[in-house]
Structure formats: C-alpha cells, structure tokens
Amino acid sequence: MIFHRITVLFLTTVTVILATSTNSSLKQKPPNLKLLECFEFKKNYWIVGHAFHTSSVQFKDECLRMCLTSSIRKAKCLSAMHVPNDDECVISDQDQVTKPDLFIENDTPGTFTVNFFRNICVDPPDSEGADRFEARLQGYKGGEGIIEFAHVDGKNLKVMVVLSGLKENSIYNVNILEEKHQENVGKCGKSQKVDGKTILTLETDHTGMAVEPWTEIRDFNELDGENASKKTILVIDKSSQSVVDCGTVRWASETNSSKIRNSSKNSDLFILSATGIMCFLSFMFF
C-alpha cells in the first residue's frame, strides 16, 4: 500500500514537471528579448558623422525601439548608439558594413561608454535574390506598424514585424486576407470584419510595441510577385476580437538597406581627420 502511494506520487510529480516543461517551451519569447534579437551588440564603438536623429533616452531599449520604428516612417535605421552616461540615443542610416572606415573604437572608455547596436532586422537572412514586399499598417485608434516579407521560390516565406501604439502587454494576431476580401483595402475601422488566415501571434511590451524578428512562415507560400498586391494584412486584438490595424501588401520601397549598401559602395569614401573626429565627438557627446 505504501509502495503504491509512493509510485502514484512519483508519477504525478513527473507528469506535472513534464507538463510545466511543455507549456514553458510553447510560450513565446518575452517582447524585450525579441527586441534584442534584432540587434548585434558591440561595446565602445560608433559610426562617426552619420547620425540622422539624436534624442534623450534613459535606457538602451528605448533607443532600440526608436531605431526599429523609424522604418514605419520610411527612414531606415541601420544602427543605434546609446550613451548611458548622457542618456543619449543616436540612430544612423549607416553601420560597420556600409561605412567600415568610419566605424571606430572609443579610445576614452574611462570618460564615457557608448554601446553600439547594429540593426540585423533590416534585411532577412539569405536575402539575395528575394522578392521583397511590405504592408504599412494604420488603425483608427492610432496604432501603426510595418510588416515585411521576403519570398524566394522553393523556400518558406520570411516575415518581420514592427508594431507601435497598441495596448500594452496584450496579444495580437496578424492575419492575411485573400483577394475576395479586398473591398476596402488599406482602410481599417470599427466595422472591419475579423477574417483571413493567422500567420503570426505577437505580444506587446509595456510601451505597446511588438517586434517579430525575421522568421519563417511554414506552409504559406501564397505571396509572390503576381498576387502580392491582392493581399491585405489585419492586426487583431485577440482579447476583444477587433481589428486595430490594417494595410495593403505592396512591393517594398527602394529605400531598403540593400540599395543603401550598394550606393554607399559606389560613393566616394568620406574620411575624417583625427581633428575632425574629435570635433564631431565633442559636438555630439559633450
């Protein structure tokens, strides 16, 4: 009898452990980890002379969010630099690949620290030869975002998403509609019907932002050059089952990073002297 009870207790414990392990493995990564997955970190380096936006932020995550949301405004951020000593964020349209001569190390780390983050979500992995599409999303409640697609014949579709201005700490589905649902493409309102095929489920952070780094969508290869413009994207609040954002899929704009990289290779190298570098750094950080 005692042996039977011990056996039952052991089996129950094992079942609980396995169930807990399975549930945790099925959970999505926290939003802050997905944000970090879009960046490659290098301490005490920066790009000199190519800042297109500077702002005051306390935490690095705020700086990284600014970099990713710039794509919503059609401004590609290739790198972000956070200076914690001064609560400063500098985002740039260049990185160590496009401007290797201007990617320099901070030679006074004892004075201040600069954290460099290269945006690796600008292009999908193995993007050469891929057809690129995007949908710019807007909603009646003020939410906005962008979803990017990369399609190569014979391979799974790749998707990357940045959403902003949504309800914090909430779950959203990303649905794609077929051609027959195109009566009001690109328009999103209270009367928009929830429909389509769910391709992603996202979680917003405490700021109302959601990020999905480049990921493969299996068993979905219905997006190609012939029918891409016949699709509509819906962002759906899972709790209320209401559409909050939507937009039409289009060919990606020509301001993607591959264009930037090609043009930068063909441009004349812009090399600053030591004096010029120090003047720039003095202006930017002091």
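Read-outs throughout are calculated quantities, based only on the coordinates presented, and are distinct from any laboratory measurement. Just so it is clear, the structure is predicted and the values come from calculations on it, not from any experiment.
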For segment 21-123, take the convex hull of the Cα atoms, compute a quarter of its surface area, and give me that in nm², please.
8.0
Give me the number: length gained by fully extending LYS29 to HIS53, i.e. 0.36 nm times residue separation minus the C-alpha to C-alpha distance, one decimal in nm.
5.7 nm
Assuming 0.36 nm per residue, please report the length gained on full extension of the stretch GLU216 to LYS238 beyond their Cα-Cα distance.
5.7 nm
Stretched fully, the stretch from ASP153 through ASP195 gains (0.36 nm per residue minus C-alpha distance, one decimal, in nm) 12.4 nm
Using the Karplus equation 6.51 cos²θ - 1.76 cosθ + 1.60 (θ = phi - 60°), what ³J(HN,Hα) coupling, rounded to whole Hz, does each residue of segment 204-211 give in order, writing x for Gly and Pro?
7, 8, 6, 9, x, 10, 10, 10
